[in-house]
């Protein structure tokens, strides 16, 4: 077992370190590394090299070459540097290469040497030039710190959201510091610099001197300084040849799995030992070592009853992923701790960035990641890359993408289409949108691409009326009226929605729409509404109704046309009545107009009106009956009742008199009620005894029970007996 | 607080809690004190989700009704508009915002759209120059509101009119969204059945939306076995007939709004000796009606003729319970008695209320006119004299009975005759216009467009075929101990519920012919489930069907479905969802148009 720790070197009293070769680099360097600007990205990221012609005297004609390699030295990109002199290179957390030029301009490149954008570190930097620069990482992103020729510092803590901060002056600083670095404390970036034997910490407000505790005396200058990735530890290298390290302690790895298993078990430390074997395997780089540690853990597990298996299983999975990406072809030598901190999502992003789609998908499938977070996302990235391949036809790209993606859940075809549109491939974008199931996503992009009619049919398909309205209003502004109407005509659902909109917002347009469709029935209704809403004068109202009637004729709605003409006649008549008789007649119904006339004693006019408008006899009788009773004109009522045989019988007369509490009048009519309703009438006027006689005479069981239910008074006892006897007799038979 | 929602097969409290959580989260986004400005229509439905106390806990200090001009003064940090996405409301909001007093302390504005944000409305706010004034513009997807343990409603007043008159599918889209929310909470519904044009559209939208959501795989074990989507226009008849269940009659006579009913106060005067009955209350008595009330749960779905006997039995039980106090001799017995008092008193209060309501209803149902009307309805539904002018309707018009009552009867006759003969139809229409006024021609047009009133085409009356095949008319109805759903209308079995019943057993294949006569397509869709979520039914375990009425449902239909749920060998339990709880009157009224 000793062999495992053979290459461990002590570092101070309680820590060890070891060094091993990750890769024998695959590159074929033409330059000495020391002649180059070099930037290696953290977390096993890529390496950038730029031969530095500005430091050494070299023929100015030869332009330098910027080269990008994977961590294993596989070339990723190579391009001629055509911009200005570069002072420093560095990688952002998103694996973008930041090249800081002497004039303070920072150029940003992708992993594959594709130019992304540029930004400037400000005027002060431009004037005084860049002396030195550092790219650093914070929890917000990646930052740039500049030391200018005027020995002042300028920094931006996040290049994604550029805010420049000029740091305060360092008192008495006449020349460049011997070394400096950026430090992040409490979410704020500071600069630590060494001037002779002194150390200063610069924050945005002040410059303060700091002293490292326990530093060996006699230091007159610091040659180098380094901070750990977490900013928790600091190392200083002094001119006296010492390295000072603040609280630097490396994690000690456990190597306790051995044949003294039983002893450990007796001590009750077996679970701990197994766990440590598993963890130790994670921190080993070489698969053989990982395997033997895992085997040891697996062996130890057998002696334990209840050791939860998930940590073992998870470690095996993690190591498979790690070993895959560490492979020399991929060249991402992540440590286990880095991997855990990076998360699988970011690792997948990095694979996507390197266009290693198949490996990314294999990992997703192996880890059984949900499709939305895993396979779908990667396929979508692949598709976005695919649409940029301009040498392939729209047809082929669209088909290829759909073949791969199909209905994979969570794939946003509209995002891919937007990318295609961004590359100027509108036709491809439209083809891709066909595969997008979410109309809410299709429609805005189609509108942006000026495919409004297509947007309209997509919106309609979705059933989302709000979306349809949005497209409609868009179309209305975009098309001339004629074209707009034609478009609506082909889309009935949109047309009805637009009609509703117009009903509330644009009445005139509504009329035009009905006209276009020859919808005379609705036009008729439209003009009826107008006759009430828009018109005050009687002539105007009648004219509107005339238009309505004409429309109804065209619609072959004879009934509505006639009814409308009747209404026009009635309106004119009502106006005349108001003029002649005073009072209010307009907008009364025909029925109420006749009633009002009777109530105001205009019986002749009432008769005339009823005849002119052919009010059916039965209703006219009801009308008169009600009106006369309201007037309590009993004499007239009686005359009316005798004018001819009542078409509604005489029971209504009895009822209405009783309603007016006139029993005397009611009794007059009760006698005239036909036999079928006689009992009811007699009961209404309170003549229980006679009602009983009639019921018995009719031999009608229902009538007899009805009378019986009215026998409540003390005087009705005899009547009740009489009915009971009649009933008994009927039952005998 | 809403325990009655969890009594049923499906715990609808889960839904209520989900929407309450969403509301709280929104309120907390607007930090500090707040005033809510309400779209008045929303207050009723919101009351079923959150009482004022919840709002108060989240620093809502004032509430106003949305109206024009300046907002009332309120010393709050936030003003939140709770509105439906309607253009006319946006205009009012803009007016409010623009007339805000700039000298006063600055207040933050927010909008909560119910149930959906609308680009159209936001464009309007933008055009009016106020869109930027709002910090939070969000949507509150309150589509289906739990009313009872087995009842959900969207309370979308104009859904029927929009769907069948204006071809506006907005409410169908909301219905589909609501169904997606339900599925997110209760699992994917494996089978969808439907009948009607709107049902087809909702199913299409659901399938589409499901495609949009794929990937966020729903891993909830499905609670519902089936979904049945039914267009209201497949069964125009049922809402037109007078409901004869207890709850149905309360709704017919007094109108139930968001589970509350307002009743004439006289019958509810406190009966205390010595008061001399001088101070009769003048304000309407407001009661909440749901199954949280034990007695109401027992009688709500009974035929009204069976309610009296239950009430008198209950009265005896309760007075016997109170008599127990004489038997309580020992301290322990007295203590026992006292501990039951609150429950007994609540039961007595509940009994008193329902006895009063039953008396009020009885006054109506024993009237001669009610009897006459019912006779005519039942004649129509059983197919008697549907093809000629009815003299009772004529008399109603002549005596100017309420127009809605007349329209309801005429429509009923038309539906029961597959349309009226042109001559008969024109006669009724003319009578109505002459008596009630020409302006109602617009209402008549609407009824014709909705198919409620129409001329018979092809001279063929299909109704008898439908009636016989679906057994819509039952002569031997038992109101006390019903054996068939027809008890809810004392003879007529609601067509919609019969369709549901036949679907569950023996299946619609047996009634293909009738289904073809009824409007719109009928269909079946399957939503595949991952094998792990497929249900293995225990022997004797009932299926759960969610039945969604697009365009409204009546309490009588609900009662009929509950009757089927309770049948021992029924095999299916129903949860009911609808765009709106309706009755014949409110339904016809939603189709009426008054130009002045």
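Apply 1/(1 + (r/R0)^6) to the Cβ-Cβ distance of residue B:478 and residue B:427, taking R0 = 45 Å, and write down the FRET efficiency to the nearest 0.05.
Result of the calculation: an efficiency of 0.70.
Classify segment B:3-142: rounded, prolate or oblate, from the alpha-carbon gyration tensor (a ≥ b ≥ c, eigenvalue square roots; a/c under 1.5 rounded; otherwise prolate if a/b is larger than b/c)? Verdict is prolate for segment B:3-142. Look at the alpha carbon pairs under 8 Å that are at least 6 residues apart: their mean separation over the length of chain A gives a relative contact order of 4 percent. Using only the Cα atoms, work out Rg/Rh for segment B:369-461, with Rh taken as the Kirkwood radius, to two decimals. My calculation of the ratio gives 0.93. The distance separating the Cα centre of segment B:8-65 from that of segment B:67-87 comes to 16 Å.
Here each label is just a point 7 Å from Cα along the line to Cβ, and for residue B:102 and residue A:81 those points are 5.6 nm apart. Distance from the Cα centroid of segment B:462-535 to that of segment A:508-527 is 41 Å (rounded to whole angstrom).
What's the angle, to the nearest 10 degrees (0 to 90), between helix A:336-353's Cα axis and the longest principal axis of chain A? Around 70 degrees separate the two axes. Relative contact order of segment B:3-142, taken over Cα pairs closer than 8 Å and 6 or more residues apart, is 23 percent.
The ranking of A:215, B:42 from fewest to most other beta carbons within 10 Å of each one's beta carbon is A:215, B:42. Short to long, the 10 Å bins of the Cα pair-distance histogram for the protein assembly as shown hold 1, 6, 11, 14, 16, 14, 11, 8, 7, 5, 4, 2, 1, 0, 0 percent of all pairs. Residue order for A:142, B:367, B:158, fewest other beta carbons within 10 angstrom first, comes to B:367, B:158, A:142.
Take peptide B:400-406, look around each residue's Cβ out to 10 angstrom, count Cβ atoms belonging to other protein chains, and average those counts. Display every interim value, and only then the final one.
Working: counts 8, 0, 0, 0, 0, 0, 0.
If you average over the peptide's residues, the count of other-chain Cβ atoms is 1.
Could you let me know the centre-to-centre spacing of segment A:589-637 and segment A:9-56, using Cα atoms, in angstrom? Measuring centre to centre over Cα atoms gives 111 Å. Counting only Cα atoms, segment B:537-593 measures 53, 16, 8 Å along its principal axes, largest extent leading.
Gyration tensor analysis over the Cα atoms of chain A returns equivalent ellipsoid semi-axes of 99, 40, 27 Å (largest first, whole Å).
Looking only at other chains, what is the average number of their beta-carbon atoms within 10 angstrom of each beta-carbon in A:457-469? Please report the intermediate quantities before stating the final value.
Details: counts 0, 0, 0, 1, 3, 5, 13, 11, 11, 11, 4, 4, 7.
That works out to 5 on average.
Cβ crowding within 10 Å ranks A:377, B:116, B:232 as B:116, A:377, B:232, fewest other Cβ atoms first.
Remark: mean inter-chain Cβ contacts per residue of B:435-443 equal 6, using a 10 Å Cβ-Cβ cutoff to other protein chain atoms.
With a ≥ b ≥ c the root eigenvalues of the C-alpha gyration tensor of segment B:334-489, is it rounded (a/c under 1.5), prolate (a/b larger than b/c) or oblate?
prolate
Any idea what angle helix A:603-612 forms with the longest principal axis of chain A, computed on alpha-carbon atoms, 0 to 90 degrees, nearest 10? The angle comes out at about 60 degrees.
Compute the angle between helix A:465-478 and the longest alpha-carbon principal axis of chain A, please, reported from 0 to 90 degrees and rounded to the nearest 10. For helix A:465-478, the angle is close to 80 degrees.
Report D for segment A:579-733 in µm² per second (integer): Stokes-Einstein, Kirkwood Rh on Cα pairs, 25 °C, 0.890 mPa s.
On the way: Rh = 17.6 Å.
D = 139 µm²/s.
In vacuum, with every alpha carbon of chain B counted as one equal point scatterer, what does the Debye formula give for log10 I(q)/I(0) at q = 0.05 Å⁻¹? Two decimals, please. Each listed q maps to, in turn, -0.25.
Only the coordinates and a few stated rules stand behind these numbers; no lab work does. What you are looking at is a predicted structure, and each value in this text was computed from that prediction instead of being measured. Note: ideal-geometry Cβ built from the backbone for every residue, glycine included; neighbour counts use all protein chains shown.
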